[in-house]
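Some notes on the structure that comes next.
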Amino acid sequence: MNNIRLAVCRIMAFLKRHLAPGCLLFLWMPQAAALQPAHPQSTVQSKQIFLQSEGDSVAAYLAMPVESRAAAGETRVGDAAIIVVHSRWGLDKWTKRRCDSLAAAGFTALAPDLYRSEVTEDFMTAHELERAVPQNRVRQDLVAAALYLRSNGAKKTGIVGWSMGGTFALRMASETKAIDACATNYGALITTEAALKNITVPVLGNYAAQDFGIDSADVATFRNTLKTLGKTADVKIYPNLAHAFASPESEAYSDREAKDAWQRTIFFFRRYLRP
Amino acid sequence: MKKILILALALFIALSAQAAEKGKTVKYKSGKDDVSGYLAMPEKKGTYPAVIMVHEWNGLNDWVKAQADDLASKGYVVLAVDLYRGKVGKTKEEAQALMQGLSKDRAAEDLKASYAYIETLDETKGQKVGSIGWCMGGGYALATAQILSEKLSACVVCYGFVTTDKKELAPVKAKVLGIFGGKDTGIPVDKTVKPFEAALKENGNKDVEIKVYPNSGHAFMNATNGMNTYNEADAKDAWAKTIAFFGKNLAK
């Protein structure tokens, strides 16, 4: 299987070097109408799909590496898939670019729209949206995303989120059996031993020492408790940084550490989602 | 000279703030952790029903303490909890960060601990216990009813996020008063408030009282909310309703 993937990769790379992007699209003709390349020359394809979440039809952004699409007529995701959970601004462009980036690294990435098409850059509007989103519906949506990925061929499914999305990601690890690895970026912590015991999957955490809302002493306790409980966890506290340091829109944005946190995330998923 | 004046002024402000507060900060255990709260009591010695009070997204600030003092003056022992454990958000960005970062399971432990602390007080012996909260705290006032179940007798949710899930609401045995703003886009009346009321009723919690103030938005009871949504007439009415509700369901 790996050999086939490698071969397809090599062929695609060859074609990419020697053909114009338009010709590549031509090669994917059967799906070309429904698909949009994320970048003109990338090996990533993306589209909007709809998930069935307890009677609700939920839009979601799906990004896939080219090789996982090439062989199949219908949507068939690769072995390793990742649910991407947006932060309180909604399913925005940045979140979609995170999906594309994961797809470029060989994963299928799926970002459900927890807000039902609302996206904002306004602080108080985001606050209203965050307050309005029913927590139990979020869980249903994320479970629906996991089911979609599994029924379309994913063997292992990870989850990643930032801020509000990180909170939801960690909760999924504690409250459900739907996922196989969890990466949270400055999401709210789980602190009680009883709830932490429920986590059975590897956890990656990226936190900021100067996060006004999440005390770094609490992050350290979180890390230690996971270790004491024998969990697989890698929790990093970035010194001198504040909440949302990975988000370019944020005042706290720090390019170097944002890239480091993202690298850690990709390595983490390679390690725990790859067969 | 200027420095002395500033110091004197600061001292005066500090003292007058102290004088305005009728309650005191108390410490108790939540699991292994030390937590604190603001405890306000009626001036006259005696036993009184108790109320667990939960702050908005800003944290346990002066406004919340003033509500605790006022409720205490009506004949209640009020414990205003501090879910943020000492931090107060002075801007909406700080408040957002605190709300975002709050660990839900730890908050639940702290609410349980606040009840356990109230149980240790002579002033509440044999008395009923209720809960109240605004905005984020409204959600946690409801969480208190979920967590404490039949131990809690009355719960006032002021524009808090509420679940509409019947199963999640099943443990709620307290009488519930829900106060909402018709213009609160974060808690839509049709999508959230009405299904919340219906779910409680279907669960057999038949006395639930819901009051929607059609002209008010979110946080309309707080003049210092920083969102320009304060509505004085509705705020007074909602507070009167709250006092009457506690009178009926806590004070026998």
Could you tell me how many of the residues in the stretch A:173-205 are within 14 Å of chain B (Cβ to nearest Cβ) and either in contact (Cβ under 8 Å) with a residue 40 or more places away in the chain or under 22 Å from the mean Cα position of the chain (by Cα) (or both)? 14
Would you say B:Val77 is free of Cβ contacts under 8 Å to residues at least 60 places away in the same chain and over 24 Å from B:Val212 (Cβ atoms)? yes
In the stretch A:224-246, anything small (Gly, Ala, Ser), out of contact with any helix residue (DSSP H, G or I) (no Cβ under 7 Å at 6 or more places or on another chain) and touching a residue at least 12 places away in the same chain (Cβ under 8 Å) is listed as A:Ala242, A:Ala244
Flagged pairs (Cβ under 8 angstrom, 6 or more apart or on separate chains; first in the stretch B:192-207, over 22 Å from B:His218 (Cα atoms); second among the charged types (D, E, K, R)) are B:Ala199/B:Asp165; B:Ala199/B:Lys166; B:Glu202/B:Lys166; B:Asn203/B:Lys166; B:Asn205/B:Lys173; B:Asn205/B:Lys175; B:Asp207/B:Lys175
I need the full set of residues from the stretch B:33-80 which are assigned to a loop (DSSP other than H, G, I, E, B) and within 30 Å of A:Asp211 (Cβ to Cβ), in order please. B:His55, B:Glu56, B:Trp57, B:Asn58, B:Gly59, B:Leu60, B:Asn61
Can you report the number of residues in the stretch A:144-155 which are surrounded by 21 or more Cβ atoms within 10 Å (Cβ to Cβ) and touching a helix residue (DSSP H, G or I) at 6+ places or on another chain (Cβ under 9 Å)? 2
If a residue has to be within 14 Å of chain A (Cβ to nearest Cβ) and over 15 Å from B:Met136 (Cβ atoms) to count, how many in the stretch B:148-180 make the cut? 7
Quick one: B:Ala68 ticks every box in (1) surrounded by fewer than 24 Cβ atoms within 10 Å (Cβ to Cβ); (2) without any contact (Cβ under 8 Å) to a residue 60 or more places away in the chain except a single one, so which number is it? (1)
Condition (residue is in a helix (DSSP H, G or I), within 14 Å of another protein chain (Cβ to nearest Cβ), at pLDDT 95 or above and crowded, with 21+ Cβ neighbours inside 10 Å) applied to the stretch B:232-244: is it met by at least one residue? no
Positions within the stretch B:81-132 being under 26 Å from B:Asp70 (Cα atoms), in a helix (DSSP H, G or I) and in contact (Cβ under 8 Å) with a residue 60 or more places away in the chain, in sequence order: B:Lys92, B:Asp110, B:Lys112, B:Ala113, B:Ser114, B:Tyr115, B:Ala116, B:Tyr117, B:Ile118, B:Asp122, B:Glu123, B:Thr124
Among the candidates A:Ala233, A:Ala220, A:Ala258, single out the residue that is touching a Phe, Trp or Tyr at 6+ places or on another chain (Cβ under 7 Å) and modelled with pLDDT of 95 or more. A:Ala258
Subset of the stretch A:100-130, residues under 17 Å from A:Leu142 (Cα atoms), of a type in the set (D, E, K, R) and more than 14 Å from chain B (Cβ to nearest Cβ), comes to A:Asp113
Being assigned to a strand (DSSP E or B) and surrounded by fewer than 24 Cβ atoms within 10 Å (Cβ to Cβ) narrows it down to one residue among B:Lys211, B:Lys167; which is it? B:Lys211
Just to be sure I understand, how many residues within the stretch A:131-172 are hydroxyl-bearing (Ser, Thr, Tyr) and either without any contact (Cβ under 8 Å) to a residue 12 or more places away in the chain or within 14 Å of chain B (Cβ to nearest Cβ) (or both)? 3
Scan the stretch A:158-172 and tell me whether some residue there is aromatic (Phe, Trp, Tyr), in contact with a strand residue (DSSP E or B) (Cβ under 8 Å, 6 or more places away or on another chain) and modelled with pLDDT of 95 or more. yes
Taking B:Gly89, is it at pLDDT 95 or above and either more than 16 Å from the chain's Cα centre (by Cα) or of a type in the set (Asp, Glu) (or both)? yes
Condition broken by B:Gly139, with the remaining ones in (1) part of a helix (DSSP H, G or I); (2) in contact with a helix residue (DSSP H, G or I) (Cβ under 8 Å, 6 or more places away or on another chain); (3) within 14 Å of chain A (Cβ to nearest Cβ); (4) in contact (Cβ under 8 Å) with a residue 12 or more places away in the chain satisfied: (2)
Can you tell me which residue in the stretch A:206-256 is surrounded by the fewest Cβ atoms within 10 Å (Cβ to Cβ), limited to those that are of a type in the set (Lys, Arg) and within 22 Å of the chain's Cα centre (by Cα)? A:Arg256
Only residues that are of a type in the set (Gly, Ala, Ser), facing chain A (nearest Cβ under 10 Å) and farther than 30 Å from A:Asp122 by Cβ: list them for the stretch B:87-121, please. B:Ala108
Output the number of the condition that B:Leu200 fails; it satisfies all remaining conditions of (1) surrounded by 15 or more Cβ atoms within 10 Å (Cβ to Cβ); (2) within 14 Å of chain A (Cβ to nearest Cβ); (3) not basic (Lys, Arg). (2)
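The values are calculated or read from the model by the stated rules, or taken from the named source; none is laboratory data. All of these numbers come straight from a predicted model, not from anything done at the bench. Using ideal geometry, Cβ is built from the backbone for each residue, glycine included, and neighbour counts are taken over all protein chains shown.
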